[in-house]
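Beneath this line is the structure, given in C-alpha coordinates, with notes to follow.
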Amino acid sequence: MSAVRIGADSAAGTGADGTAGTRADSAAGIGAMLVTSRSFEEYVAMFALGTADLSGTVLDCPAGASSFTAGAHRVGTRATACDIAYGNPRAVLDSLRPEVERGNRYIAAHPDGYSDRFFGGPAEHLAHRLAAAELFTHDFLARPESYVHAALPELPFDDRSFDLVLSSHLLFSYADRLDVETHLVYLTELLRVARDQIRIFPLVPTGSSARYPQLGELRELLGARGVDTTVTEVDYEFQRGGTEMLVCRRR
Ligand SMILES: C[S@@+](CC[C@H](N)C(=O)[O-])C[C@H]1O[C@@H](n2cnc3c(N)ncnc32)[C@H](O)[C@@H]1O
(Lines give C-alpha, C1' and ligand atoms only; values in the text may rest on other atoms or scores of the structure.)
Protein backbone atom coordinates (compact mmCIF):
# COMPACT_ATOMS: atom_id res chain seq x y z
CA MET A 1 0.00 0.00 0.00
CA SER A 2 1.38 3.40 -0.92
CA ALA A 3 2.04 6.13 1.58
CA VAL A 4 -0.74 8.59 0.83
CA ARG A 5 -0.97 10.86 3.82
CA ILE A 6 -4.50 10.81 5.18
CA GLY A 7 -4.77 14.08 7.00
CA ALA A 8 -2.65 16.12 9.32
CA ASP A 9 -2.90 15.67 13.06
CA SER A 10 -5.33 18.14 14.45
CA ALA A 11 -6.88 18.97 17.79
CA ALA A 12 -10.31 19.50 16.35
CA GLY A 13 -12.76 17.50 14.29
CA THR A 14 -14.27 18.86 11.11
CA GLY A 15 -17.94 19.61 10.78
CA ALA A 16 -20.12 18.63 7.85
CA ASP A 17 -19.57 22.02 6.28
CA GLY A 18 -15.79 21.72 6.57
CA THR A 19 -15.57 23.99 9.59
CA ALA A 20 -13.62 23.03 12.67
CA GLY A 21 -15.63 21.00 15.13
CA THR A 22 -15.18 20.52 18.84
CA ARG A 23 -13.52 17.95 21.05
CA ALA A 24 -16.82 17.35 22.84
CA ASP A 25 -16.75 13.75 21.71
CA SER A 26 -17.12 11.87 24.96
CA ALA A 27 -19.95 11.94 27.45
CA ALA A 28 -21.58 15.03 25.96
CA GLY A 29 -22.11 13.31 22.60
CA ILE A 30 -20.30 12.94 19.34
CA GLY A 31 -19.88 16.72 18.90
CA ALA A 32 -19.57 18.10 15.35
CA MET A 33 -20.94 15.75 12.69
CA LEU A 34 -18.26 13.25 11.75
CA VAL A 35 -17.05 12.85 8.17
CA THR A 36 -16.58 9.11 8.59
CA SER A 37 -14.70 6.47 6.60
CA ARG A 38 -16.83 3.34 6.55
CA SER A 39 -15.48 0.71 4.21
CA PHE A 40 -16.94 -1.01 1.14
CA GLU A 41 -17.17 -4.20 3.22
CA GLU A 42 -19.19 -2.40 5.89
CA TYR A 43 -21.57 -1.06 3.23
CA VAL A 44 -22.05 -4.54 1.73
CA ALA A 45 -23.02 -5.81 5.19
CA MET A 46 -25.01 -2.76 6.36
CA PHE A 47 -27.10 -2.65 3.18
CA ALA A 48 -27.19 -6.41 2.48
CA LEU A 49 -25.78 -5.72 -0.98
CA GLY A 50 -25.80 -8.62 -3.42
CA THR A 51 -24.48 -9.05 -6.93
CA ALA A 52 -27.69 -7.69 -8.47
CA ASP A 53 -27.52 -4.53 -6.30
CA LEU A 54 -23.96 -3.90 -7.46
CA SER A 55 -24.67 -4.49 -11.14
CA GLY A 56 -26.50 -1.18 -11.66
CA THR A 57 -25.74 2.44 -10.88
CA VAL A 58 -25.48 3.35 -7.20
CA LEU A 59 -25.49 6.69 -5.39
CA ASP A 60 -23.95 6.97 -1.93
CA CYS A 61 -25.40 10.05 -0.20
CA PRO A 62 -23.96 11.27 2.06
CA ALA A 63 -20.74 9.41 1.32
CA GLY A 64 -18.39 11.29 3.66
CA ALA A 65 -14.95 9.70 3.41
CA SER A 66 -16.31 6.20 2.90
CA SER A 67 -14.40 3.86 0.60
CA PHE A 68 -17.67 2.43 -0.76
CA THR A 69 -17.34 4.18 -4.13
CA ALA A 70 -13.67 3.16 -4.44
CA GLY A 71 -14.47 -0.46 -3.58
CA ALA A 72 -17.49 -0.49 -5.87
CA HIS A 73 -15.35 0.78 -8.76
CA ARG A 74 -12.93 -2.11 -8.16
CA VAL A 75 -15.72 -4.64 -8.61
CA GLY A 76 -17.07 -2.89 -11.70
CA THR A 77 -20.01 -1.02 -10.14
CA ARG A 78 -20.79 2.46 -11.43
CA ALA A 79 -21.04 4.29 -8.10
CA THR A 80 -21.18 7.99 -7.35
CA ALA A 81 -20.44 9.58 -3.99
CA CYS A 82 -21.88 12.91 -2.93
CA ASP A 83 -21.53 14.95 0.21
CA ILE A 84 -21.82 18.52 1.40
CA ALA A 85 -18.22 18.33 2.63
CA TYR A 86 -16.81 17.90 -0.91
CA GLY A 87 -17.20 21.67 -1.36
CA ASN A 88 -13.87 21.89 0.42
CA PRO A 89 -11.81 18.91 -0.79
CA ARG A 90 -8.63 20.01 1.01
CA ALA A 91 -10.49 20.15 4.34
CA VAL A 92 -11.90 16.66 3.72
CA LEU A 93 -8.46 15.19 3.05
CA ASP A 94 -6.84 17.03 5.95
CA SER A 95 -9.54 15.88 8.35
CA LEU A 96 -9.50 12.16 7.53
CA ARG A 97 -7.14 10.91 10.21
CA PRO A 98 -8.42 13.28 12.93
CA GLU A 99 -11.98 12.26 12.11
CA VAL A 100 -11.21 8.52 12.25
CA GLU A 101 -9.40 9.10 15.55
CA ARG A 102 -12.24 11.22 16.95
CA GLY A 103 -14.77 8.52 16.08
CA ASN A 104 -12.48 5.90 17.58
CA ARG A 105 -12.12 7.85 20.84
CA TYR A 106 -15.90 8.09 21.02
CA ILE A 107 -16.46 4.36 20.64
CA ALA A 108 -13.62 3.54 23.07
CA ALA A 109 -15.25 5.86 25.63
CA HIS A 110 -18.67 4.22 25.12
CA PRO A 111 -17.96 0.46 25.11
CA ASP A 112 -21.51 -0.42 26.16
CA GLY A 113 -22.86 1.25 23.03
CA TYR A 114 -20.87 -0.86 20.57
CA SER A 115 -20.88 -4.52 19.66
CA ASP A 116 -17.81 -6.56 18.77
CA ARG A 117 -19.66 -8.42 15.99
CA PHE A 118 -17.97 -6.57 13.11
CA PHE A 119 -14.86 -5.12 14.78
CA GLY A 120 -13.08 -7.08 17.51
CA GLY A 121 -12.56 -3.84 19.47
CA PRO A 122 -11.41 -0.23 19.18
CA ALA A 123 -7.94 -1.13 17.80
CA GLU A 124 -9.45 -3.14 14.95
CA HIS A 125 -11.97 -0.37 14.30
CA LEU A 126 -9.16 2.20 14.05
CA ALA A 127 -7.08 0.10 11.63
CA HIS A 128 -10.09 -0.75 9.45
CA ARG A 129 -11.31 2.83 9.18
CA LEU A 130 -7.80 4.21 8.51
CA ALA A 131 -7.43 1.70 5.66
CA ALA A 132 -10.83 2.79 4.31
CA ALA A 133 -9.77 6.45 4.56
CA GLU A 134 -6.64 5.67 2.56
CA LEU A 135 -8.63 3.93 -0.19
CA PHE A 136 -11.02 6.89 -0.24
CA THR A 137 -8.09 9.28 -0.61
CA HIS A 138 -6.63 7.42 -3.59
CA ASP A 139 -9.98 7.26 -5.38
CA PHE A 140 -11.04 10.82 -4.49
CA LEU A 141 -7.81 12.13 -6.05
CA ALA A 142 -7.71 9.71 -9.01
CA ARG A 143 -11.39 9.87 -10.02
CA PRO A 144 -12.76 13.23 -8.81
CA GLU A 145 -15.66 12.99 -11.27
CA SER A 146 -17.15 10.27 -9.05
CA TYR A 147 -17.23 12.59 -6.01
CA VAL A 148 -19.89 15.27 -6.33
CA HIS A 149 -20.35 18.22 -4.04
CA ALA A 150 -24.03 18.16 -3.16
CA ALA A 151 -26.22 19.09 -0.24
CA LEU A 152 -29.52 17.56 0.70
CA PRO A 153 -32.30 18.48 0.21
CA GLU A 154 -31.32 19.49 -3.34
CA LEU A 155 -29.22 17.00 -5.24
CA PRO A 156 -27.77 17.94 -8.66
CA PHE A 157 -29.07 14.80 -10.38
CA ASP A 158 -32.01 14.17 -12.71
CA ASP A 159 -35.03 12.19 -11.57
CA ARG A 160 -34.39 8.42 -11.43
CA SER A 161 -30.67 8.77 -12.19
CA PHE A 162 -29.54 5.81 -10.05
CA ASP A 163 -30.82 2.25 -9.76
CA LEU A 164 -30.08 2.20 -6.06
CA VAL A 165 -29.46 4.98 -3.53
CA LEU A 166 -27.70 4.26 -0.24
CA SER A 167 -27.69 6.59 2.73
CA SER A 168 -25.75 5.76 5.85
CA HIS A 169 -25.29 7.52 9.18
CA LEU A 170 -26.97 10.84 8.56
CA LEU A 171 -30.73 10.23 8.71
CA PHE A 172 -31.79 8.75 12.07
CA SER A 173 -28.16 8.85 13.30
CA TYR A 174 -28.29 12.60 13.85
CA ALA A 175 -31.87 12.70 15.12
CA ASP A 176 -30.75 15.24 17.72
CA ARG A 177 -30.25 17.82 14.96
CA LEU A 178 -32.61 16.73 12.14
CA ASP A 179 -36.34 16.88 12.86
CA VAL A 180 -39.06 14.65 11.34
CA GLU A 181 -39.85 17.20 8.62
CA THR A 182 -36.16 17.32 7.59
CA HIS A 183 -36.05 13.52 7.48
CA LEU A 184 -39.12 13.53 5.22
CA VAL A 185 -37.69 16.18 2.88
CA TYR A 186 -34.29 14.43 2.63
CA LEU A 187 -35.90 11.03 1.98
CA THR A 188 -38.16 12.54 -0.68
CA GLU A 189 -35.15 13.96 -2.50
CA LEU A 190 -33.22 10.66 -2.28
CA LEU A 191 -36.31 8.90 -3.69
CA ARG A 192 -36.52 11.42 -6.55
CA VAL A 193 -33.08 10.47 -7.88
CA ALA A 194 -33.65 6.70 -7.37
CA ARG A 195 -35.03 4.49 -10.14
CA ASP A 196 -35.86 1.56 -7.92
CA GLN A 197 -35.27 2.03 -4.21
CA ILE A 198 -33.37 3.75 -1.42
CA ARG A 199 -31.86 2.03 1.60
CA ILE A 200 -31.07 3.83 4.85
CA PHE A 201 -28.92 2.49 7.68
CA PRO A 202 -28.97 2.47 10.69
CA LEU A 203 -32.32 3.23 12.29
CA VAL A 204 -30.84 4.04 15.71
CA PRO A 205 -29.67 7.54 16.66
CA THR A 206 -26.03 7.96 17.71
CA GLY A 207 -25.77 7.28 21.44
CA SER A 208 -28.89 5.09 21.50
CA SER A 209 -29.60 1.43 20.87
CA ALA A 210 -33.34 1.96 20.30
CA ARG A 211 -35.01 2.74 16.98
CA TYR A 212 -35.54 6.38 15.99
CA PRO A 213 -38.69 7.19 18.01
CA GLN A 214 -40.54 8.90 15.15
CA LEU A 215 -39.94 6.08 12.64
CA GLY A 216 -43.61 5.02 12.67
CA GLU A 217 -44.80 8.59 12.10
CA LEU A 218 -42.29 9.05 9.28
CA ARG A 219 -43.35 5.80 7.58
CA GLU A 220 -46.98 6.93 7.74
CA LEU A 221 -46.09 10.27 6.14
CA LEU A 222 -44.15 8.47 3.40
CA GLY A 223 -47.01 6.04 2.87
CA ALA A 224 -49.41 8.96 2.39
CA ARG A 225 -47.06 10.21 -0.34
CA GLY A 226 -47.13 6.92 -2.21
CA VAL A 227 -43.97 5.39 -0.78
CA ASP A 228 -43.85 1.82 0.52
CA THR A 229 -41.38 1.20 3.32
CA THR A 230 -40.01 -1.95 4.89
CA VAL A 231 -37.64 -2.49 7.79
CA THR A 232 -35.13 -5.28 7.12
CA GLU A 233 -32.72 -6.98 9.51
CA VAL A 234 -29.15 -7.07 8.15
CA ASP A 235 -26.07 -9.10 9.09
CA TYR A 236 -24.12 -6.18 10.55
CA GLU A 237 -23.94 -4.67 14.00
CA PHE A 238 -21.48 -2.11 15.24
CA GLN A 239 -23.56 0.44 17.12
CA ARG A 240 -25.62 -1.74 19.46
CA GLY A 241 -29.14 -2.16 18.15
CA GLY A 242 -28.08 -0.93 14.71
CA THR A 243 -29.05 -4.06 12.81
CA GLU A 244 -31.87 -2.79 10.61
CA MET A 245 -32.17 -0.82 7.40
CA LEU A 246 -35.16 1.02 5.97
CA VAL A 247 -36.01 0.27 2.33
CA CYS A 248 -38.25 2.80 0.53
CA ARG A 249 -39.87 2.38 -2.90
CA ARG A 250 -42.32 4.52 -4.81
CA ARG A 251 -45.59 2.66 -5.37
C1 LIG B 1 -21.35 10.34 9.71
S2 LIG B 1 -20.97 10.79 8.05
C3 LIG B 1 -21.47 9.36 7.14
C4 LIG B 1 -20.61 9.16 5.92
C5 LIG B 1 -20.69 7.77 5.26
N6 LIG B 1 -22.03 7.49 4.80
C7 LIG B 1 -20.26 6.70 6.22
O8 LIG B 1 -21.13 5.95 6.69
O9 LIG B 1 -19.07 6.60 6.53
C10 LIG B 1 -22.24 11.97 7.74
C11 LIG B 1 -21.98 12.78 6.48
O12 LIG B 1 -23.12 13.57 6.17
C13 LIG B 1 -22.67 14.71 5.47
N14 LIG B 1 -23.79 15.67 5.43
C15 LIG B 1 -24.35 16.32 6.46
N16 LIG B 1 -25.38 17.06 6.05
C17 LIG B 1 -25.48 16.88 4.71
C18 LIG B 1 -26.36 17.38 3.69
N19 LIG B 1 -27.36 18.22 4.01
N20 LIG B 1 -26.17 16.99 2.43
C21 LIG B 1 -25.16 16.14 2.10
N22 LIG B 1 -24.28 15.65 3.02
C23 LIG B 1 -24.46 16.00 4.30
C24 LIG B 1 -21.46 15.12 6.28
O25 LIG B 1 -20.59 15.97 5.57
C26 LIG B 1 -20.82 13.76 6.59
O27 LIG B 1 -19.83 13.43 5.66
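The values are calculated or read from the model by the stated rules, or taken from the named source; none is laboratory data. Treat the numbers as computed from the prediction; the structure is a model and nothing was measured. FYI the Cβ positions are ideal-geometry reconstructions off the backbone, even for glycines, and counts take in every protein chain you see. Side chains included, ligands, DNA and RNA excluded: accessible areas come from the protein's heavy atoms. Shrake-Rupley method; radii C 1.70, N 1.55, O 1.52, S 1.80 Å.
Leaving ligands, DNA and RNA out of it, report the carbon-plus-sulfur percent of the accessible area of the stretch 62-204 at a 1.4 Å probe.
52
Quickly work out the residue 182-to-residue 123 label distance, labels modelled 7 Å from Cα along the C-beta direction, and quote it in nm with one decimal.
Using points 7 Å along Cα→Cβ, the separation is 3.8 nm.
Using just the helices of the chain, give the 222 nm mean residue ellipticity in deg cm²/dmol: DSSP H runs with n ≥ 4 each add -39,500 (n - 2.57), and the total is spread over all residues, rounded to 500.
-10000 deg cm²/dmol
Hey, can you list the DSSP H helices of the chain whose Cα span along the axis is 27 Å or longer and whose average Kyte-Doolittle score is at least -0.5?
For the chain, where a helix must reach 27 Å along its axis and average at least -0.5, the hits are 122-142.
If Lys and Arg each add +1 and Asp and Glu each add -1, what is the summed charge of the other residues whose beta carbon sits under 15 Å from the beta carbon of residue 204?
-2
Determine how large the accessible area of residue 30 is when every protein chain is in place; take a 1.4 Å probe and give Å² rounded to the nearest 10.
Approximately 20 Å² of residue 30 is accessible to the 1.4 Å probe.
Going from most exposed to least, what order do 33, 46 have by accessible area with a 1.4 Å probe?
Sorted descending by solvent-accessible area, the residues read 33, 46.
Could you tell me what percent of the DSSP beta bridges with both partners in the stretch 40-250 are antiparallel, to the nearest 5?
45
Can you tell me the accessible area per residue over the stretch 40-250, all protein chains present, probe 1.4 angstrom, in square angstrom?
Here the per-residue accessible area is 41 Å².
When the chain is modelled as a GNM with alpha-carbon springs shorter than 10 Å, which of 161, 39, 95 fluctuates the most?
It is 161.
Would you check the accessible area of residue 158, probe 1.4 Å, heavy atoms only, in square angstrom rounded to 10?
120
Which of 142, 45, 133 moves the most in a Gaussian network model of the chain with Cα springs under 10 Å?
Maximum fluctuation in the GNM of the chain, among the listed residues, is at 142.
Could you please put 128, 73 in sequence from largest to smallest accessible area, using a 1.4 Å probe?
These residues rank, largest area first, as 73, 128.
When the Cα atoms of the chain are enclosed in a convex hull and the volume is divided per residue, what value in Å³ results?
Hull volume over Cα atoms, normalised by residue count, gives 115 Å³.
Just the accessible area for residue 154, please: 1.4 Å probe, Å², rounded to the nearest 10?
That residue has around 150 Å² of solvent-accessible surface.
If you split all Cα-Cα distances of the stretch 146-244 into 10 Å bins from zero, what percentages do you get per bin, shortest first?
15, 48, 32, 4
At 1.4 Å probe size, put 119, 40 in order of accessible surface, largest to smallest.
If we order 119, 40 from most to least accessible, we get 40, 119.
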